[in-house]
Amino acid sequence: MGIVKSEERKKAEMEEFRRILVANSGVYRRKDEEYFKGKRFPFTSIDDDDDEQGDKLVCVTSGVSFLGLAIVDRLLTRGYSVRLLVDNPEDIENVREMERGERRMSNDKAISAVMAKLTETESLSEAFNGCRGVFHTSSFVDPAGLSGYTKSMVEIEVKVTENVIKACARTPSVKKCVLTSSLLACIWQDTSHQDISPVINHECWSHESLCIDKKLWYALGKLRSEKAAWKIAEETGLKLVTLCPALITGPQLCCRNPTATIAYLKGAKEMYEKGLLATVDVNRLAEAHVCVFEAMSRTAFGRYICFDKVIEREDDAEKLAQQTNISKSKICEGTESGFIHSGFRLSNTKLSNLMSSTFGRCYSQWHGQYN
């Protein structure tokens, strides 16, 4: 069970995977050269529990997806070994073929692939065995649905997330899990309630009844699956952190992440009018995933909102429409000023503070913007 991919999307994903392998084989060769010169290439992690070599093995579900590949790239550059979880024989054969080719070049064993059924907890636990942590990035879409995500997919996504979290909790080697949720699980507030805060942050949860009334199935799926994950984590003691990203953008967005983009943008006009339509670059989001993972043994906890741009002007909406290959009219109607005046404000202060304290000046751009 998974996503039916177009040939164009498959090709783009495999090409990106090949690029990552080539780039990181060069990194590892440089590390070896420095080592033999007597200058050990430093790997620094803020996670006190990850000192042993085996502890650097982590698993990424949907590792050849748009976001999954970006996370894999960041993990490799940070010195981790990565196990990709795929759910069909074709993907695993493609991954292993390229893996063998690049390994001959670099003698590196940083990437491996395993096939597992996301509908079976035992299959997932076997795939996670030996991994210190798991990044669950999978998102399901219905190829028969015009929006890319129909009502029937909600319970499927919830069930798969439950399986992944249960498998993490049952696998002795797995100490922590990072779950990719969505900003949509935070922003859909029922404004008829008088106690609604104008600031949307990590403490906010979308209202289920509102998502159902508006038929926002993607938002509902993310909302319910994240809540289910937290329930299981609390019951089992699994260390869990969730990231709630805005609409993910980046290179080759249209061909590499089309269905999830369409599903996210259902209700885009209302999000825009309320000042809640935001985006995040896929590489920055991947960096955030690795950052919170490494900080989980110290300061990282709970939920984190992740975005780097709020769409507030018509020209920004037009650029987004071009990038996502949809009509501008589905995002906004023309206004006299070209600028929307909203009663809500998004805040990513919690993530900004974590990334700034972790990586210092390199991430100062997270501060002072929409927080």
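The values are calculated or read from the model by the stated rules, or taken from the named source; none is laboratory data. Just so it is clear, the model here is predicted, and its values are computed rather than measured. When we count neighbours, we look across all protein chains shown, and the Cβ atoms used for this are built from the backbone with ideal geometry, even at glycine. SASA here: full protein model, heavy atoms, side chains in, ligands and nucleic acids out. Shrake-Rupley method; radii C 1.70, N 1.55, O 1.52, S 1.80 Å.
Could you compute the net charge surrounding D190? Neighbours are other residues with a C-beta less than 12 Å from the C-beta of D190; K and R count +1, D and E count -1.
Numbers: positive: K214; negative: D195, E208, D213.
Cβ neighbours under 12 Å give a net charge of -2.
Using only C-alpha atoms and all pairs of different ones, pull out the Kirkwood radius for the range 161-256 in Å with one decimal. Kindly include the intermediate steps, with their values, before the conclusion.
Values: mean 1/r = 0.0674 Å⁻¹.
Roughly 14.8 Å, rounded to one decimal.
For each pair in K266/K319; K151/K239; K176/K231; K266/K350; K266/K328, compute the distance between the two Cα atoms and list the pairs where it is over 22 Å. Provide the component values of the computation, followed by the final result.
Details: K266/K319 18 Å; K151/K239 30 Å; K176/K231 15 Å; K266/K350 27 Å; K266/K328 13 Å.
Where the Cα-Cα span goes over 22 Å, the pairs concerned are K151/K239; K266/K350.
Express the accessible area of the range 160-224 per residue in Å², computed with a 1.4 Å probe while the remaining protein chains stay in the model. Please list the in-between numbers first.
Working: 2520 Å² over 65 residues.
On a per-residue basis, 39 Å².
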> For S327 and K159, what is the calculated FRET efficiency with R₀ set at 35 Å and r taken between the beta-carbons, to the nearest 0.05?
Replying inline: 0.55
> What does a probe at T349 reach in the range 172-216, counting residues whose amide N is under 16 Å from the point 7 Å along Cα→Cβ?
Replying inline: 197-204
